[in-house]
Every structure is written in C-alpha cells, then in structure tokens.
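Each reported figure results from applying straightforward, stated rules to the coordinates on display, with no laboratory input. Note that the structure is predicted; figures quoted are calculated from it, not measured. With ideal geometry, Cβ positions are generated from the backbone for all residues, glycine too; neighbour counts draw on all protein chains shown.
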Amino acid sequence: MKSLKLVLLITAIALVPLGLGVMVLKQSDQAQVEQDAALESEAGAAAARLRDSIAETRATVLITATTPSFGTSTAQVASGTPRSSTRAR
C-alpha cells in the first residue's frame with residue numbers, strides 16, 4: 001500500500017510539469033497563429049497600397065502621353081528618333 005502511494009505521488013509530481021509544458025506549447029502555437037494572421041493582413045494592405053500607387057502612376061503616364069503638348073515627343077520617343085527641337089537649338 002505504501003509503495004502504491006509512493007508511485008502515485010511520483011506520477012502526480014511528473015504529470016504537473018508535463019501539463020504545464022502542454023499549456024505553454026498551446027499558448028505559443030496560438031500566439032504564432034495570431035502573429036501570422038496579423039502579418040498576412042499587413043502584407044495584404046501593403047500590396048493593395050502598391051497596386052493603387054502603380055495604377056495612379058499608370059494613369060498619370062497615360063494622361064501625359066495623350067496631352068497634345070507632349071504628343072510629338074512621345075511619338076518620337078516611341079519610334080526611337082531624336083527630337084527635332086533639340087537639333088534646332
């Protein structure tokens with residue numbers, strides 16, 4: 001009877017740290033999941049800002065390219081010929 005109580009006491013003492021370890025691992029896993037979700041959200045927002053910036057820049061370039069005062073220069077740049085206004089000066 002005494003040896004059974006001793007075995008149960010040793011088992012209980014061994015299970016307490018094991019239970020604490022499992023609890024710490026679960027908390028660590030949960031913290032990792034939360035951090036992953038936060039980083040994914042932040043990356044998505046940064047990607048959206050980059051897409052918006054690229055779209056705005058593209059719109060500005062298209063507007064500039066269709067402006068009559070830039071029409072000759074952009075056509076010459078597209079064809080690879082030098083600008084005549086530069087040669088005249």
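Assorted remarks:
- For L62 and L6, the difference between the fully extended length at 0.36 nm per residue and the C-alpha to C-alpha distance is 11.7 nm.
- Across region 36-48, coupling constants 3J(HN,Hα) worked out from phi with the 6.51/-1.76/1.60 Karplus curve, θ = phi - 60°, read 4, 5, 5, 5, 5, 5, 5, 5, x, 5, 5, 5, 5 Hz, and Gly and Pro carry x.
- Region 25-65 shape via C-alpha gyration tensor axes, a/c threshold 1.5: prolate
- Rounded to whole numbers, the Karplus 3J(HN,Hα) couplings from phi for region 11-17 are 4, 5, 5, 6, 6, 4, x Hz, using 6.51 cos²θ - 1.76 cosθ + 1.60 with θ = phi - 60°, and x at Gly and Pro.
- Placing unit charges on the Cβ atoms of the charged side chains and taking the dipole of region 25-65 about its Cα centre, the candidate lying farthest along the positive direction among Q35, L25, A55 is A55.
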